[in-house]
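Peer 1: Let me begin by handing over the structure; questions about it come next.
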Amino acid sequence: MQDWERIQREASRSFDRLLPRVSHAFFAAGGAAADWGVFEQRLRYEWIRLFELLLSLYGTQYDFFYHLEQLLLMMAQSWYERPSWLKQRDSLRETDAEWFQSERMMGGVLYVDRFCGTLSRLREFIPYFKELGLTYIHLMPLFAAPEGNNDGGYAVSSYRHVNPRLGTTAELAELAYDLDRAGISLVLDFVFNHTSDEHEWARRAQAGDPDYQEFYFLFPDRTMPDAYERTLREIFPTVRRGSFTWRADMQRWVWTTFNSFQWDLNYANPAVFRAMAAEMLFLANLGVTVLRLDAVPFIWKRMGTNCENQPEAHRIIQAFNAIARVAAPSLLFKSEAIVHPDDVLSYVSPDECQLSYNPLLMALLWETLATREVKLLAHSLSHRFRLPPGCAWINYLRSHDDIGWTFDDNDARAVGIDPVGHRQFLNAFYTGRFPGSFARGLPFQENPETGDARVSGTLASLAGLEQALSSNDPQAIEIAIRRIILLHSVILSIGGIPLIYLGDEVGTLNDYSYVNDPAKAIDSRWVHRPLRNQSAMNQRHDPTTVPGRIFSALTYLIRLRTSLPAFRDGAMEIVRSDNRHVLAYVRQTGSQRVLVLVNFSEYPQTIAGNLLRMYGPGPELFDLVHEQVVATSTDLTLQPYQFVWLTPAWPKAHRSR
Ligand code: OTU
């Protein structure tokens, strides 16, 4: 308590000392009084939190107050430069902080180069995005990156210059504005765990500049790397063993968690924190609404640990959050932590990341598709889905990355599953090594020592469409299409923001041509990052085609969802279905309640009328998906891979919606 009071006193003392200097600089640059007033008010509100976080991270540095002052000056400068349309959005969203919980929120993600080549061409697809109902679009990394292998852009050489192949930074800012006018929020990556080895900071380090050498983790010999590696996990074991890379030009080992050209930044150095805070606000001022915080678990290293999910990693993100609240208040963070579900959850809070990928749901949907049994999914979600108020899941089926089996071992044991054997089974199932599997996927990063692996492949190929088409089996094609729609129906109804990987809406299959490109051949994730499939897109309105069937079913559900207040927010309750193949959950907001039933098997399944009668007062329920009445006096039969969204029977007037 005493300590806290001391910190508060210290915080207000330094506030009083620093504020005049910052305001002086703001006005000297030509800032307006009203603008300053807004900034000062927000700064006052966030100050103690920000100060405490930075003090705990950097308070022992001799030049702590210097960094603090520089940080504040940078924040004020960035606020001064913030375009007025964004300042308007800031004030608007302050009064509507939970805008993203709406049942209209719908995400899409794409690689600009793979989808349409350039930023200026992307504008032509805004009508397509609207047709799909998107309100959020994540453009995969598009800033300057090394030629050749650059990890799909996740090796960033400049956070301020768009890759010239894609366009210019000015075009990106214009696009952000146009998307905003079309009701679509722009989402970009904040790749802040590492830079490429061609970033100016890395180049200066290579040239021997000691200030920039301290931006990274450099070691003259193996002593420290060996000591760290005793407890580190290998993330990309097929790229290189261990987490360090020898740079002959510098005669140094460099910490490289991912590829050897991705140098981990040293956040124990306050100059790194400050430099990245400036890059973050630059991105925010381009018009970005959501920053996807890449690889959050890895940003703090501690000897003797696996250097993932350290307490300081949270504090760094919270400090970035506080900075954003002051200088770019409408900016949201989305956590990308593809780790154990407890750790995923640890990043989600209004003060840290308001949004988070939901890798558990993603992995377990695939798990359930393989096993046709919902027990692990239902058990895990029953106690792991709830988020703190003011936060939302990003629910997805496929991303540009691999699928890893990140469920909790005890959850598995609790439902009678051996976690180790089960992961082996799932890898075998999805890489075509399991007899009878419908999936066509590839292994990613198989670790010869541990036997670990992850899975690559597009949604359609993993769900059986590729195999069905190649065997020209109409029954199998039908079943595969149903699996694809079923998976989407869950992310559309379970609570949170659904996110579609563009291409999946028309059933895009694996693209094996990546093996011919030396910059991509060793990374099987490229199998599910195909070019835009225009011919499939052209068929999207033709119900006799596979793309047409998937697209129409999907857009139907997306539209239906926007009319259902029960699908707002993230409150979801897993309920009994008394059928091991059927997942059941209830969504309720305000007066509307919807019971969702999902049959994960290729056989018809029944749900007892007794059970259904618990969900409506009358003798019938209404299925919103098929727009038909379901009698509760008898058992309900769900067809193979069928799902229903049941609500207490609507008055007749509503049925002719
Ligand atoms: C992320 O993924 C990106 O999504 C990848 O495309 C990048 O290669 C990588 O970072 C480096 O920038 O290991 O297999 O818990 O799992 O950050 C993908 C988070 C990854 C990690 C995740 C990482």
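Peer 1: For the stretch 517-536, enumerate the residues that are away from the ligand (no atom under 13 Å from the Cβ) and open to solvent by 20 Å² or more (accessible area, probe 1.4 Å).
Peer 2: D517, P518, A519, A521, P530, L531, R532, N533, Q534, S535 - these are the residues of the stretch 517-536 that are away from the ligand (no atom under 13 Å from the Cβ) and open to solvent by 20 Å² or more (accessible area, probe 1.4 Å).
Peer 1: Give T238, T257 a once-over and let me know the one that is touching an Asp or Glu at 6+ places or on another chain (Cβ under 8 Å), closer than 21 Å to N150 by Cα and surrounded by fewer than 20 Cβ atoms within 10 Å (Cβ to Cβ).
Peer 2: T238
Peer 1: Filter the stretch 326-354 down to residues that are out of contact with any Cys (no Cβ under 7 Å at 6 or more places or on another chain) and either touching a residue at least 60 places away in the same chain (Cβ under 8 Å) or open to solvent by less than 10 Å² (accessible area, probe 1.4 Å) (or both), then give me how many there are.
Peer 2: Result for the stretch 326-354: 17.
Peer 1: Say whether the condition of being among the acidic types (D, E), open to solvent by 20 Å² or more (accessible area, probe 1.4 Å) and farther than 25 Å from A271 by Cβ is met by at least one residue in the stretch 34-41.
Peer 2: yes
Peer 1: Something else now. Output the strands (runs of 3 or more DSSP E) that fall wholly within the stretch 240-356 and possess 1 or more residues being closer than 22 Å to E46 by Cβ and within 16 Å of the ligand (Cβ to nearest atom), or say none.
Peer 2: Once the strands (runs of 3 or more DSSP E) in the stretch 240-356 are filtered for at least 1 residues that are closer than 22 Å to E46 by Cβ and within 16 Å of the ligand (Cβ to nearest atom), what remains is 290-293, 332-335.
Peer 1: To continue, here is another question. Which residues, taken from the stretch 431-475, are within 16 Å of the ligand (Cβ to nearest atom) and out of contact with any Leu (no Cβ under 9 Å at 6 or more places or on another chain)?
Peer 2: Scanning the stretch 431-475 gives L442, P443, F444, Q445, E446, N447, T450, D452, A453, R454.
Peer 1: Now for a separate question. Charged (D, E, K, R) and either over 13 Å from P648 (Cα atoms) or outside any helix (DSSP H, G or I) (or both), is that true of R580?
Peer 2: Judged against the criteria, R580 is a match.
Peer 1: Check off (1) hydroxyl-bearing (S, T, Y); (2) touching a residue at least 60 places away in the same chain (Cβ under 8 Å); (3) open to solvent by 10 Å² or more (accessible area, probe 1.4 Å) for Y136 and give me the number that stays unchecked.
Peer 2: Answer for Y136: the failing condition is (3).
Peer 1: Oh, and also: Within the stretch 100-117, restricting attention to residues that are touching a helix residue (DSSP H, G or I) at 6+ places or on another chain (Cβ under 9 Å) and open to solvent by 40 Å² or more (accessible area, probe 1.4 Å), which residue is farthest from L554 (Cα to Cα)?
Peer 2: So, considering only residues that are touching a helix residue (DSSP H, G or I) at 6+ places or on another chain (Cβ under 9 Å) and open to solvent by 40 Å² or more (accessible area, probe 1.4 Å), the one farthest from L554 (Cα to Cα) is D113.
Peer 1: Please enumerate the residues belonging to the stretch 20-65 that are assigned to a helix (DSSP H, G or I), of a type in the set (A, V, I, L, M, F, W, C) and over 20 Å from W4 (Cα atoms).
Peer 2: Across the stretch 20-65, the qualifying residues are V22, A25, F26, F27, A28, A33, A34, W36, V38, F39.
Peer 1: From the list L286, L293, exactly one residue is modelled with pLDDT of 95 or more, of a type in the set (A, V, I, L, M, F, W, C) and crowded, with 24+ Cβ neighbours inside 10 Å. Which is it?
Peer 2: L293
Peer 1: What number of residues within the stretch 575-589 satisfy the criterion of being open to solvent by 30 Å² or more (accessible area, probe 1.4 Å) and either under 23 Å from the mean Cα position of the chain (by Cα) or of a type in the set (D, E, K, R) (or both)?
Peer 2: Of the residues in that region, 3 qualify.
Peer 1: May I ask you to list the residues in the stretch 346-376 that are farther than 20 Å from P311 by Cβ and out of contact with any strand residue (DSSP E or B) (no Cβ under 8 Å at 6 or more places or on another chain)?
Peer 2: Hits for the stretch 346-376 are P359, L360, L364, L365, E367, L369, A370, T371, R372, E373, K375, L376.
Peer 1: Quick one: is N610 surrounded by fewer than 15 Cβ atoms within 10 Å (Cβ to Cβ) and not small (G, A, S)?
Peer 2: yes
Peer 1: List pairs: first in the stretch 446-460 and modelled with pLDDT of 85 or more, second open to solvent by less than 60 Å² (accessible area, probe 1.4 Å) and of a type in the set (K, R), Cβ under 7 Å, 6+ apart or cross-chain?
Peer 2: Sorted first by the residue in the stretch 446-460, then by its partner, the pairs are S456/R525; T458/R398; L459/R398.
Peer 1: Here is a further query. Mind counting the residues in the stretch 380-430 that are away from the ligand (no atom under 16 Å from the Cβ), open to solvent by 20 Å² or more (accessible area, probe 1.4 Å) and charged (D, E, K, R)?
Peer 2: Of the residues in that region, 5 qualify.
Matching residues to (1) free of Cβ contacts under 8 Å to residues at least 60 places away in the same chain; (2) within 16 Å of the ligand (Cβ to nearest atom); (3) not hydroxyl-bearing (S, T, Y):
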position: S56; (1), (2), (3): no, no, no
position: Y80; (1), (2), (3): yes, no, no
position: L110; (1), (2), (3): no, yes, yes
position: I126; (1), (2), (3): yes, no, yes
position: A145; (1), (2), (3): yes, yes, yes
position: N149; (1), (2), (3): no, yes, yes
position: H161; (1), (2), (3): yes, no, yes
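Peer 1: So, one more: Give the residue that is nearest to L564 (Cα to Cα), with candidates limited to residues of the stretch 86-111 that are assigned to a helix (DSSP H, G or I) and touching a Gly at 6+ places or on another chain (Cβ under 8 Å).
Peer 2: Q101
Peer 1: Given the condition under 17 Å from V326 (Cβ atoms) and among the β-branched types (V, I, T), answer yes or no: does some residue in the stretch 37-57 qualify?
Peer 2: yes
Peer 1: Only one of these conditions is not met by R160: (1) open to solvent by 20 Å² or more (accessible area, probe 1.4 Å); (2) over 16 Å from E279 (Cα atoms); (3) more than 19 Å from the chain's Cα centre (by Cα). Which number is it?
Peer 2: Going through the list (1) open to solvent by 20 Å² or more (accessible area, probe 1.4 Å); (2) over 16 Å from E279 (Cα atoms); (3) more than 19 Å from the chain's Cα centre (by Cα), R160 breaks only (2).
Peer 1: Follow-up question, since we're still on this one. Would you please list the contacts, defined by Cβ atoms under 7 Å and residues six or more apart or on different chains, that run from a residue in the stretch 87-102 that is without any contact (Cβ under 8 Å) to a residue 24 or more places away in the chain to a residue that is surrounded by 12 or more Cβ atoms within 10 Å (Cβ to Cβ)?
Peer 2: Matching pairs, first to second residue: W99/R93.
Peer 1: Go through the stretch 512-559 residue by residue and tally those that are outside any helix (DSSP H, G or I) and either polar (S, T, N, Q) or in contact (Cβ under 8 Å) with a residue 40 or more places away in the chain (or both).
Peer 2: Counting residues in the stretch 512-559 that are outside any helix (DSSP H, G or I) and either polar (S, T, N, Q) or in contact (Cβ under 8 Å) with a residue 40 or more places away in the chain (or both) gives 13.
Peer 1: In addition: Checking the conditions here, which among T637, T544, T562 is in contact with an Asp or Glu (Cβ under 9 Å, 6 or more places away or on another chain) and either of a type in the set (S, T, N, Q) or open to solvent by less than 20 Å² (accessible area, probe 1.4 Å) (or both)?
Peer 2: On inspection, the qualifying residue turns out to be T562.
Peer 1: Looking only at residues in the stretch 590-607 that are at pLDDT below 95 and in a loop (DSSP other than H, G, I, E, B), which one is least open to solvent (accessible area, probe 1.4 Å)?
Peer 2: Applying the filter and picking the extreme gives G590.
Peer 1: A further question on this structure: When the stretch 196-233 is examined, which residues are found to be within 16 Å of the ligand (Cβ to nearest atom) and open to solvent by 50 Å² or more (accessible area, probe 1.4 Å)?
Peer 2: E198, R233
Peer 1: Any residue at all in the stretch 90-105 that is within 25 Å of H314 (Cβ to Cβ) and of a type in the set (S, T, Y)?
Peer 2: No; the residues of the stretch 90-105 include none that is within 25 Å of H314 (Cβ to Cβ) and of a type in the set (S, T, Y).
The values are calculated or read from the model by the stated rules, or taken from the named source; none is laboratory data. Note that the structure is predicted; figures quoted are calculated from it, not measured. Quick reminder, even Gly has a Cβ in these numbers, built from the backbone with ideal geometry, and neighbours come from all protein chains shown. For accessibility, only protein heavy atoms count, side chains too; no ligands or nucleic acids. Shrake-Rupley method; radii C 1.70, N 1.55, O 1.52, S 1.80 Å.
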